[in-house]
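The values are calculated or read from the model by the stated rules, or taken from the named source; none is laboratory data. Given the structure is predicted, the values throughout are model-derived calculations rather than measurements. Note that we place each Cβ from the backbone using ideal geometry, even for glycine, and neighbour counts take in every protein chain shown.
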């Protein structure tokens, strides 16, 4: 009939989607404005072919506008990564002597020699492994033996006692680790026993 208005099919589809309890999928700013004006729940159409569909860019945005949005997103991510790198960087100055049981190379070296000393002592004395019994062996002798053992390891394994590092440097490192782990002059340590779960 001439005076009768034809209903808009898009409006009918929107109303039926709303009545069915579904949310309207939007792909751009204009879709959001229309959905908000109609009081309809909406969500971004993430299944669309447009990788920028969730940004709020209009469907007819120019290639230059899309390029600028992508550059802005990349720059934003770059700043986040830069902040993360700053957070992960070691602070300037001398490192803390002890952050955790085996968190630094000094403690790792001392712990390795602690176990090595007790295994060696148990083998020589023909007794069971018991770290509560003291072992009388020098740090220098243990470092020398550790270097010999590590020489036979796979080249993929990073050695705790590299052959190019001087014995004096390694002794200082082990000394710091011993202090951190509470290893006494006879290689006894309650901390090491707990770490070894004895």
note = Checked the stretch 28-54 for anything in contact with a helix residue (DSSP H, G or I) (Cβ under 7 Å, 6 or more places away or on another chain), modelled with pLDDT of 70 or more and either part of a loop (DSSP other than H, G, I, E, B) or closer than 19 Å to residue 65 by Cα (or both); matches are 40, 45
Scope the stretch 120-140; condition at pLDDT 85 or above and out of contact with any helix residue (DSSP H, G or I) (no Cβ under 9 Å at 6 or more places or on another chain); matching residues = 138
query = Within the stretch 62-96, restricting attention to residues that are at pLDDT below 75 and part of a loop (DSSP other than H, G, I, E, B), which residue is surrounded by the most Cβ atoms within 10 Å (Cβ to Cβ)?
reply = 95
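Would you call residue 100 at pLDDT 80 or above and either outside the structural domain of residue 172 (by TED's automatic domain parsing) or loosely packed, with under 11 Cβ neighbours inside 10 Å (or both)?
So residue 100 fails the test.
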